[in-house]
Amino acid sequence: MTRVGARLAALGLTLLLVALPAAQAQAAQRARTAQQVPRAEQSQAVRQAQAGQAKIGQAQTGQAQTGQERAVGQARAARDPQGGKKIVRLGVTQSVDSMNPFLAVRLVSSSIHRWMYGYLTVPDSKTLKPSPDLAESWETSDDKLTWTFKIRDAKWSDGKPVTAQDAVWTFNTIMTVDAAKQANGPAVENFESVTATDDRTLVIKTKKPQASMLENPIPIMPKHVWEGVGDIGAFENDRYPVVGSGPYIVVEHRKDAYVKLKANPGYWRGAPKIDELHVIFYQNPEAANAGLKKGDIDLIGRLNAPQFEALAGDPNIVQWNTPGRRAAYLQLNHGAQTIDNKPVGDGHPALKDPRVRQAIHYAIDKQALVDQVQNGLATPADGSIVPPMYQEFFWKAEGADLVTHDAAKANQILDDAGYAKGSDGIRMMPDGKRKLEMRFSIHTDTPVEDKLAQFLTGWFKDIGIALSTKKLDSNKFTEETGFTGLFDIAISGWSVNPDPEEVLATHLCSRRPTASGEGGGTESFYCDPEYERLYQQQLSELDRPKRVELIKQMQKRLYTDAPVIALYYPNNLEGYRKDRIAAITPIPEDKGILYGGSGYWPVYSLQAAALPAGPADDGSSTGLIVGAVAVVAVLAAGGFLLTRRRRSVADERE
């Protein structure tokens, strides 16, 4: 999973231009004048497209990388050579970790999968409650242990029928294959069996009642395609066009450059009203912002505060600021272990002590982080990993539970615990053998995380802990913080679904990786008996108010034991070009999210104006060549360093 991070500075533009042969350079010139990138799909559910509107303009984007093939790949997502199509170009600052839904955990990947595949249910665009998708109806037995789903009459994009056998194969694969558990393993842990009585009837029997059954986050995969792939953990899902049952079909993917999707004409709800959706990867938010302003892309979400504010004053751009579904937090290595309880990694031993973790919590001024790092566009986290957007499940610390910024109290806790300060002001372990010198793992090329690190370094110094910053590309970051345990403290976070069970499950014992690095999906290497007990209780609690209370107790346990420390809940910050997007429905429809929300409604509801036809082209993707040059030019001029692969901000996982 490790990504090699290659950096280009000002010479990056020169190197890229040298790498482009003359023919490609000519194509780039054509693209500058008639840029169009694949546009987003949309659909008949556009009836619900009354809540947000937009028009997005022309495009050219991609990302710079070393070598001729990389350069072409990054750039080819820049325009539509045929012209006249309705195409929406979505800019993202996070690369796909895997096109394989069994493995993918990043938000961009799971979002694309929601557009490609059907699920048993999908969140309703107004209420976020489960509504029919591939399952058109369902019922439960009196003992609540058996769920029977009626699978609708739908087709895969290759024309074959969707059947209950597809769901059986999907769920049984996750239940029996370790590698397939990585993305959503806990969602099937309570399943006793999954069978089909006929092609339209799916039967799931559970060990105990499962309250979250209708929020199952697993896409249904086509058995006839996947049963022959061999090693699930090694399969890239790169046979194009990819067979799916969702509103869009992935027809092309160039790693770290773009994903091209076309409207699925056979989608059971009706084809989207847009011909194509192109997801364009940028090295950093600054470059993506520049692309939006120039019209290279039409919409960008998941912005940090500085980039969002930089969009102000542009008459063609709408700034979209709504409550967010993310929690940003610190992940503390309190003694990482594999699923069979074998120690792994090199976390600082002091972090095994809950008193040290508590002292670190008291050292942090969360309001200052909101004001100085998020420019006020966030809410301080006086709670845990479920953001206040989900009011029903949100737990807020109060009274004696509430941890506030108090350096004196933090110092007192450490003094009482025997961590004495040395002459240099840095504390020692109680046995006097090791200083409290810790690493803070962040992502490369992420100014917001750099700024966060500066604040934490100063506050930690005030309590006798030396903190040094360790920058990692996104693959290495995922590897070290989720599998090998080679970290002390790391920035992290999660995009939370309307039912928070999925994010709560990332802190279960079962989410720790195997000794060989398979499975996993842990956000903390946490394995706590009390937390496990509460999780199992809420899983089978069908009385909703009682279940809500159990989920709040789980959040309180995370807050007080502090394997993670929530910092703030970022606002959902996005921007789109109103001259390109005619209509888009956020989710939920009232002050909701455009990109990165639960479900596919926003991209399904997209309406965009057709661009004028461009110059003739051979129909290949080599015509999509402008973006890489444009992005490198922006970055070189700004003095930014590039990484070969896009960074993936951890609070954009899902």
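Just in the range 396-456: which trypsin sites (Lys or Arg not before Pro) are loop by DSSP and have at most 10 other Cβ atoms within 10 Å?
K433
Which trypsin sites (Lys or Arg not before Pro) in the range 93-149 sit in a loop by DSSP (not H, G, I, E or B) and have at most 16 other Cβ atoms within 10 Å of their own Cβ?
Passing sites in the range 93-149 are K126, K144.
Leaving out ligands and nucleic acids, note down the accessible area per residue over the range 222-300 with a 1.4 angstrom probe, in whole Å².
Here the per-residue accessible area is 32 Å².
If I stretch the segment between E530 and D561 completely, what's the gain in nm (0.36 nm per residue apart, minus their alpha carbon distance), one decimal?
10.1 nm
How large, in percent, is the carbon and sulfur part of the accessible surface of the range 326-572 at a probe radius of 1.4 Å?
Ligands and nucleic acids excluded, carbon and sulfur give 48 percent.
If you place +1 on the Cβ of every Lys and Arg, -1 on the Cβ of every Asp and Glu, and leave all else neutral, what size is the dipole of the range 326-572 about its Cα centre, to the nearest 20 Debye?
360
Using all alpha carbons of the range 326-572, what is the percent of pairwise distances in each 5 Å bin, ordered from the shortest bin to the longest?
It works out to 1, 6, 14, 18, 20, 18, 13, 7, 2, 1, 0, 0, in whole percents.
Counting other Cβ atoms within 10 Å, keep those with at most 14, restrict to DSSP loop, and tell me which trypsin sites (Lys or Arg not before Pro) in the range 173-258 are left.
K207, R239
For the range 326-572, what is the percent of antiparallel DSSP beta bridges, rounded to the nearest 5?
Once the DSSP bridges in the range 326-572 are tallied, antiparallel ones form about 70 percent.
Accessible area per residue, 1.4 Å probe, Å², for the range 326-572: what's the number?
Ligands and nucleic acids excluded, the figure is 35 Å² per residue.
Between the alpha-carbon centers of the range 549-578 and the range 204-240, tell me the distance in whole angstrom.
Cα centroid to Cα centroid, the span is 27 Å.
With each label point set 7 Å from Cα along the Cα-Cβ vector, what nm distance links D401 and K144?
Going by the 7 Å Cα→Cβ label model, 2.3 nm.
Of K451/K578; K144/K396; K476/K591; K366/K461; K155/K207, which pairs sit farther than 27 Å apart, going by alpha carbon to alpha carbon?
In this structure, K451/K578; K144/K396; K476/K591; K155/K207 lie more than 27 Å apart at Cα.
Stretch N375-K409 to full length: gain in nm at 0.36 nm per residue minus the Cα-Cα span?
Here the answer is 9.5 nm.
Name the residue farthest towards the positive end of the dipole of the range 235-325 from the options N289, A310, N321, assuming +1 on Cβ of Lys and Arg, -1 on Cβ of Asp and Glu, about the Cα centre.
Most positive-ward Cα: N321.
The values are calculated or read from the model by the stated rules, or taken from the named source; none is laboratory data. No experiment lies behind these values; they were computed from the predicted model shown. Heads up, the Cβs are rebuilt from the backbone with ideal geometry, glycines too, and the neighbour counts pull from every protein chain shown. The accessibility values were calculated without ligands, DNA or RNA, using every heavy atom of the protein model including side chains. Shrake-Rupley method; radii C 1.70, N 1.55, O 1.52, S 1.80 Å.
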